[in-house]
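The values are calculated or read from the model by the stated rules, or taken from the named source; none is laboratory data. In this text the structure is predicted, and so the values were computed from the model without any measurement. Note that each Cβ is placed from the backbone with ideal geometry, even for glycine, and that neighbours are counted across all protein chains shown.
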Amino acid sequence: MKKLILSALTLALAILVSQDSLAGIPAPLEDWCVSQMSAWAPPGKSMYADAKETVDEGTLRYRQIAKDAISVAYDPAEAPLFPGPYGRAKTLATMLGIADSESGFRKDVDFGKGAYAKGDSGKSWCLMQVRLGTAVNGKTPNRVALKGGVYEFVYDGVSGFGGEDLVKDRKACFRVALHIMRDSFNQCSDLPVDERLSIYTSGSHDNGRAASKIRVGKAIKWLAAVAPPMEDTSVLSQLSGGVSAISSTSFALNP
C-alpha cells in the first residue's frame, strides 16, 4: 500500500511538473538541463545520510532546480555572461556547471539540512556555495545586496540576502551567484574565458584559475556535445507568453 501511495504521489508530481513546463518554462530546455545534471550527478545515488532520496524524487527535484536556474538566466533584468543568440543558454550551462562542482545538486545542500549541507566549515551556502560565513542565531551577519546589475557585501545582519535566505529561495541562490559570476568575468576579462570565474572560486584574480577551468570546462564540454534546443529569443518569447521555435544549431562557448 505504501508503495502504491508513493507511486501515485510521484505521478501527481510529474503531472504538475509537466503542466508547469507547458505554462512557461520550455520543456525542451528543461529536459536539456535535467539530462546533463543527471549525467553529472545521477539522482538518488548520494551516500550522505541527509541527501538520501529515490531516483524519482531526485529527478523531480532536479526539474525544479532546472526551472529556477532557467528563470534567473533568462530574466530580462539580468545581463548574460555571453553575447549572441545563445548567450543566456551559455550562461545557464555555466551556472549549472558551477552548481555541480560546488554541491553535486545534493538534497542536503539544496535544503540546508544536516552536518554537511554547508561547505567551507559552515561558511558557504546553497547549491552555488556562496560564501557568507557561519550563521549566528539562524542568520549570517555577512550578507549580499543586489543593486541593479551589481552586488555588494553588507555586514549589518539585516540587509540583502543571508546564507539562510539563499537556502530558502533557490532562485535567490542562483541570482546572487550570477551577480558574483558576472563581476568575476568582468574583473578577469584579461584571462582566457575558462579562467574568468577565478574571483568567484577564490576571491582572487589568480588563485582560482584552476577551479574556474573545471567549472567552466563542464559547460564547454556540455555545449560542445549537445547544443541548446532553443535560441534565447525563443525562450524569452515563450516565457512571456509568445510562441517558441526549436533550433539545433551547434557552437563553441566564446566570450
> For region 129-140, does any single residue satisfy the condition of being closer than 22 Å to LYS90 by Cβ and either modelled with pLDDT of 95 or more or among the basic types (Lys, Arg) (or both)?
Replying inline: yes
>> Can you pull out every residue in region 50-90 that is of a type in the set (A, V, I, L, M, F, W, C) and under 23 Å from ALA225 (Cα atoms)?
In response: ILE65, ALA66, ALA69, ILE70, ALA73, LEU81, PHE82, ALA89
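One line per residue, one yes/no per condition, for (1) of a type in the set (D, E, K, R); (2) free of Cβ contacts under 8 Å to residues at least 12 places away in the same chain:
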{"position": "ASP120", "(1), (2)": "yes, yes"}
{"position": "LYS139", "(1), (2)": "yes, no"}
{"position": "ALA145", "(1), (2)": "no, no"}
{"position": "VAL150", "(1), (2)": "no, no"}
{"position": "TYR155", "(1), (2)": "no, no"}
{"position": "PHE161", "(1), (2)": "no, no"}
{"position": "CYS173", "(1), (2)": "no, no"}
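Find the helices (runs of 4 or more DSSP H) located wholly in region 12-112 whose residues include 2 or more that are at pLDDT 95 or above and among the basic types (Lys, Arg), and list them.
Answer list for region 12-112: 55-73, 87-103.
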>> So for region 194-207 (the condition being in contact with a Ser or Thr (Cβ under 8 Å, 6 or more places away or on another chain) and closer than 15 Å to CYS126 by Cα), does at least one residue qualify?
In response: yes
> Across region 143-161, what is the number of residues that are of a type in the set (Ser, Thr, Tyr) and at pLDDT 90 or above?
Replying inline: 1
>> Can you pull out every residue in region 33-51 that is under 20 Å from VAL72 (Cα atoms), surrounded by 18 or more Cβ atoms within 10 Å (Cβ to Cβ) and either polar (S, T, N, Q) or more than 14 Å from the chain's Cα centre (by Cα) (or both)?
In response: GLN36
> If you check ALA252 against the conditions, is it surrounded by 14 or more Cβ atoms within 10 Å (Cβ to Cβ) and either at pLDDT below 95 or not hydroxyl-bearing (Ser, Thr, Tyr) (or both)?
Replying inline: no
> Which of the residues spanning region 178-210 are in a helix (DSSP H, G or I) and over 17 Å from the mean Cα position of the chain (by Cα)?
Replying inline: ASN186, GLN187, VAL193, ASP194, GLU195, SER198, ILE199, SER202, ARG209, ALA210
> Consider THR134 against the criteria (1) part of a loop (DSSP other than H, G, I, E, B); (2) touching a helix residue (DSSP H, G or I) at 6+ places or on another chain (Cβ under 6 Å); (3) in contact (Cβ under 8 Å) with a residue 60 or more places away in the chain: it satisfies all of them except one. Which criterion is unmet?
Replying inline: (3)
> Can you name every residue in region 177-193 that is surrounded by fewer than 21 Cβ atoms within 10 Å (Cβ to Cβ) and in contact with a Ser or Thr (Cβ under 7 Å, 6 or more places away or on another chain)?
Replying inline: LEU191
